[in-house]
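Here is the structure we will look at, set down as structure tokens.
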Amino acid sequence: MTVSQGITEVLNGTIESVKSIIPFDVHIDSPSLIEAPLIQAELGVLIGMTGDMKGRLVIEGNHQSIGSIGEKMFGMPIEGEMLESFTGELANMIAGNLATVVSQREVSIDITPPTVIVGSTKISGFKKAFRVPVELNEEGSLQLILMVED
């Protein structure tokens with residue numbers, strides 16, 4: 001499998017995972033190529049990937065968007081440290097589902113535990129990255145960023 005095919009499978013698997021995990025109708029925009037550094041503004045999570053595709057998946061949003069997902073999933077408002085913990089668990093669910101989805105397409109990846117990022121952060125050290133905007137109806141938006149290592 002070429003790097004290009006691997007990127008396509010992982011991007012498609014990530015989109016499929018988001019649609020199955022997030023309890024809203026979501027609108028996925030087209031992926032776009034971004035360059036380093038990535039500036040993460042408010043709340044996000046980074047999960048490393050090893051195996052056939054080496055890189056990192058960053059899911060970023062704001063407190064309102066991620067809080068709305070948590071409230072929809074658990075039926076109560078989630079704030080503060082609970083929101084930060086939920087952010088990591090949401091990413092874990094998405095990345096775990098991603099690993100399962102791509103394995104069915106003969107792409108083997110393992111994921112690392114999530115690293116929650118709070119506040120403005122600059123992330124560099126990657127050569128190529130793809131951003132996929134996700135609109136959550138009236139509830140806000142998320143950004144999926146796939147950073148690929150050669």
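A compact table of results
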| item | result |
| --- | --- |
| Separation of the Lys127 and Leu33 label points, Cα + 7 Å toward Cβ, nm | 1.3 |
| Two-site label geometry, Glu89 and Lys72: point separation in nm, points 7 Å out along Cα→Cβ | 1.7 |
| Choice from Ala41, Ala95, Ala129 showing the highest fluctuation, given a GNM over the chain with Cα pairs closer than 10 Å | Ala41 |
| Solvent-accessible area per residue for the stretch 92-139 (1.4 angstrom probe, square angstrom) | 55 |
| Max mean-square fluctuation residue, GNM over the chain, Cα-Cα springs under 10 Å, options Ile39, Ile78, Ile69 | Ile39 |
| Loop-resident sites, the stretch 19-60, for GluC sites (Glu not before Pro), counting at most 16 other Cβ within 10 Å (DSSP) | Glu35, Glu42 |
| Span-rule helices in the chain, defined as complete DSSP H runs reaching 24 Å or more along the axis (Cα) with Kyte mean at least -0.5 | 3-21, 80-103 |
| Selected from Ser20, Ser124, Ser65 as most flexible by GNM, with the chain as the system and alpha-carbon contacts under 10 Å | Ser124 |
| Nearest-10 value in Å² for the accessible area of Thr115, using the 1.4 Å probe | 70 |
| In the stretch 11-92, trypsin sites (Lys or Arg not before Pro) in a DSSP loop with at most 15 other beta-carbon atoms within 10 Å | Lys54 |
| DSSP-assigned coil residues among trypsin sites (Lys or Arg not before Pro) in the stretch 110-142, each with at most 12 further Cβ atoms within 10 Å | Lys127 |
| Computed label-point distance, nm, for sites Lys54 and Gln104 using a 7 Å Cα→Cβ extension | 2.9 |
| Residue-count net charge about Lys72 - beta-carbon cut-off 13 Å; Lys, Arg +1, Asp, Glu -1 | -4 |
| Cα centroid separation, the stretch 44-88 to the stretch 114-149 (Å) | 11 |
| Percentage relative contact order, the chain, counting C-alpha pairs under 8 Å, at least six apart | 38 |
| Pairs from Lys19/Lys54; Lys54/Lys127; Lys19/Lys128 whose Cα-Cα separation, in the structure shown, is over 18 Å | Lys19/Lys54; Lys19/Lys128 |
| Sequence-distant aspartates and glutamates (8 or more away, or on other chains) whose Cα lies within less than 19 Å of Lys122 | Glu35, Glu42, Glu60, Glu84, Glu149 |
| Within the accessible area of the stretch 1-137 (1.4 Å probe), percent carbon and sulfur | 50 |
| Scattering profile of the chain at q = 0.12, 0.16, 0.21 Å⁻¹ [log10 I(q)/I(0), Debye over alpha-carbon scatterers] | -0.45, -0.81, -1.42 |
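The values are calculated or read from the model by the stated rules, or taken from the named source; none is laboratory data. Computed from a predicted structure; not experimentally measured. Heads up, the Cβs are rebuilt from the backbone with ideal geometry, glycines too, and the neighbour counts pull from every protein chain shown. Ligands, DNA and RNA are stripped out before the accessible areas are found, and what is left, the full protein with its side chains, is counted by its heavy atoms. Shrake-Rupley method; radii C 1.70, N 1.55, O 1.52, S 1.80 Å.
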